[in-house]
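The values are calculated or read from the model by the stated rules, or taken from the named source; none is laboratory data. All of these numbers come straight from a predicted model, not from anything done at the bench. Glycine also receives a Cβ, built like all others from the backbone with ideal geometry; neighbour counts cover every protein chain displayed. These accessible areas exclude ligands, DNA and RNA; they are computed on the full protein's heavy atoms, side chains included. Shrake-Rupley method; radii C 1.70, N 1.55, O 1.52, S 1.80 Å.
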Amino acid sequence: STGAVTGVELLGSRAIIKWTQDEKGLHVLLPTTFSSTLAVALKIRVRNIEGFAPQQMVVKPAPIKADASGGFTLGSGMATLDGSLNTETRDGQVNVGFWDAPSDSLSWQLQVAKAGRYEVVGSVATPNSGSKLLLSTGKEKLMFDIPTTGDWAKFTEVKVGQISLEAGEKVVFKVAPANGKDWKPINLRWVKLRPVQ
């Protein structure tokens, strides 16, 4: 058939990349970490390419697993970005920036082996004041104020509160502006979920 994929490689990596192709397109399962924070390039081998019209690639990261302590580190580079959000690197670490539109959000899929309660901490930076974020997963919601740090690159850790996670293979954890009317841009580096003992 036209545009039949015969192989997929992640350039700069020796990892075996799992992929499938169906009537909806090419589906590639990417690793959770990459050798570069700036770009990811795939080499896709195709046969019978004449007449093939490529479609825009949609990246959906693999679900994040808990670390040895049972907690989760939700890095900006592992998030699904919705809207005009983008990532950038400051001081060698990736953060979500350009968060100008209050309709934008980001989310992660978590692989939660056992339901439990978690302490939530976020790393944020902004010269602005007055913005609030809403964290949500399932029926749980948690809102918090973003403190002004005086600069886009001056990150601070904010203790947000506690939230419960249900067990599941693809538990969605979402971060969005709480109130579009009062929204002012921020940078978000990561969110950490630490199990409550």
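Can you pull out every residue in segment 153-182 that is open to solvent by 60 Å² or more (accessible area, probe 1.4 Å), under 19 Å from the mean Cα position of the chain (by Cα) and either closer than 23 Å to Gly83 by Cβ or among the small types (Gly, Ala, Ser) (or both)?
Those that are open to solvent by 60 Å² or more (accessible area, probe 1.4 Å), under 19 Å from the mean Cα position of the chain (by Cα) and either closer than 23 Å to Gly83 by Cβ or among the small types (Gly, Ala, Ser) (or both): Lys170, Val172, Lys174.
Which residue is most open to solvent (accessible area, probe 1.4 Å), if the candidates are limited to segment 71-111 and must be in a strand (DSSP E or B) and among the aliphatic types (A, V, I, L, M)? Break it down into steps so the answer makes sense when it comes.
The first filter runs over segment 71-111 and keeps only residues in a strand (DSSP E or B), leaving 72-75, 80-82, 86-90, 93-97, 105-111.
Filter again for among the aliphatic types (A, V, I, L, M), leaving 74, 81, 94, 96, 106, 110.
Numbers: Leu74: 0, Leu81: 60, Val94: 32, Val96: 0, Leu106: 2, Leu110: 0 Å².
Looking at the filtered set, the residue picked out is Leu81.
So which residues in segment 138-160 are within 20 Å of Ala79 (Cβ to Cβ) and of a type in the set (Gly, Ala, Ser), if there are any at all? Full working, then the answer.
If we filter segment 138-160 for residues that are within 20 Å of Ala79 (Cβ to Cβ), which is where we start, we get 138, 140-144, 146, 152-153, 155-158, 160.
Gly138, Ala153 - these are the residues of segment 138-160 that are within 20 Å of Ala79 (Cβ to Cβ) and of a type in the set (Gly, Ala, Ser).
Of everything in segment 52-65, what is open to solvent by 50 Å² or more (accessible area, probe 1.4 Å) and at pLDDT 90 or above? Give them in sequence order. Please lay out each step first, then the result.
Of segment 52-65, the ones open to solvent by 50 Å² or more (accessible area, probe 1.4 Å) are 52-60, 65.
If the condition is that a residue be open to solvent by 50 Å² or more (accessible area, probe 1.4 Å) and at pLDDT 90 or above, then Lys65 is the only one that fits.
Which of the following residues is part of a loop (DSSP other than H, G, I, E, B) and of a type in the set (Gly, Ala, Ser): Ser129, Ser136?
Values: Ser136 fails: part of a loop (DSSP other than H, G, I, E, B).
Sole residue among the options that is part of a loop (DSSP other than H, G, I, E, B) and of a type in the set (Gly, Ala, Ser): Ser129.
Across segment 112-135, which residue is nearest to Val171 (Cα to Cα) among those that are of a type in the set (Gly, Ala, Ser) and surrounded by 15 or more Cβ atoms within 10 Å (Cβ to Cβ)?
Here is the first cut: in segment 112-135, the residues of a type in the set (Gly, Ala, Ser) are 113, 115-116, 122-123, 125, 129-131.
If we keep only those that are surrounded by 15 or more Cβ atoms within 10 Å (Cβ to Cβ) as well, we get 116, 122-123, 125, 131.
On the way: Gly116: 13, Gly122: 19, Ser123: 21, Ala125: 27, Ser131: 26 Å.
Only one residue fits best here, namely Gly116.
Please count how many residues of segment 164-197 are over 23 Å from Ser103 (Cβ atoms) and not charged (D, E, K, R). Please lay out each step first, then the result.
Going residue by residue through segment 164-197, those that are over 23 Å from Ser103 (Cβ atoms) are 164-171, 192-197.
Pick out the ones that are also not charged (D, E, K, R) and you get 164-165, 167-168, 171, 193, 195-197.
Of the residues in that region, 9 qualify.
Output the residues belonging to segment 66-119 that are of a type in the set (A, V, I, L, M) and over 26 Å from Lys184 (Cβ atoms). Working first, answer last.
Taking segment 66-119 first, the residues of a type in the set (A, V, I, L, M) are 66, 68, 74, 78-79, 81, 85, 94, 96, 101, 106, 110, 112-113, 115.
Correct list: Ala66, Ala68, Leu110, Val112, Ala113, Ala115.
Every residue in segment 9-34 that is open to solvent by less than 80 Å² (accessible area, probe 1.4 Å) and more than 23 Å from the chain's Cα centre (by Cα), please.
Passing the criteria: only Asp22.
Any chance you could count how many residues in segment 136-152 are crowded, with 17+ Cβ neighbours inside 10 Å and either of a type in the set (Lys, Arg) or farther than 22 Å from Phe173 by Cα (or both)?
The number of residues fulfilling the criteria is 3.
Which residues, counting only those in segment 112-126, are assigned to a loop (DSSP other than H, G, I, E, B) and not hydroxyl-bearing (Ser, Thr, Tyr)? Break it down into steps so the answer makes sense when it comes.
To start, the set of residues in segment 112-126 that are assigned to a loop (DSSP other than H, G, I, E, B) comprises 113-115, 126.
Within segment 112-126, Ala113, Lys114, Ala115 qualify.
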